[in-house]
Amino acid sequence: MKEDRRLRNLRYQMRKKGYQFDTKNLVAIMPSHDKRSLLQERRLSKFGFSIQCNMFEQ
């Protein structure tokens, strides 16, 4: 099944900012706090993704 173009583009933009994705569990792992995008996180949550803090951040 082909992925939605809007979701694919959003994930691409967020990966450039340091987000990591687990598409099997629909989880996005946040980057450091200075690179967060609350607007993009809100858009991603509309697709069913949940946001998780990076517990192993240096």
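Data overview
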| item | result |
| --- | --- |
| S45-L7 pseudo-label distance in nm [points 7 Å out on the Cα-to-Cβ vector] | 1.8 nm |
| Angle between the chain longest axis and helix 5-16 axis [Cα atoms, degrees, rounded to 10] | 20 degrees |
| Options A28, Q52, Q13, ranked by Cα towards positive dipole end of the chain, top entry (Cβ charges) | Q13 |
| Label-point separation in nm, D22 to C53, each point 7 Å along Cα→Cβ | 1.7 nm |
| Rel. contact order, % - alpha carbon contacts under 8 angstrom, at least six apart, region 5-52 | 37 percent |
| Neighbour-count ranking [beta-carbon atoms within 10 angstrom, fewest first] of M30, M14 | M30, M14 |
| The chain, helix-only ellipticity at 222 nm - DSSP H runs n ≥ 4, -39,500 (n - 2.57), divided by all residues, nearest 500 | -10000 deg cm²/dmol |
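Every number here is computed from the coordinates shown, using simple stated rules; none is lab data. Everything numeric here is computed off the predicted structure, so don't read it as measured data. When we count neighbours, we look across all protein chains shown, and the Cβ atoms used for this are built from the backbone with ideal geometry, even at glycine.
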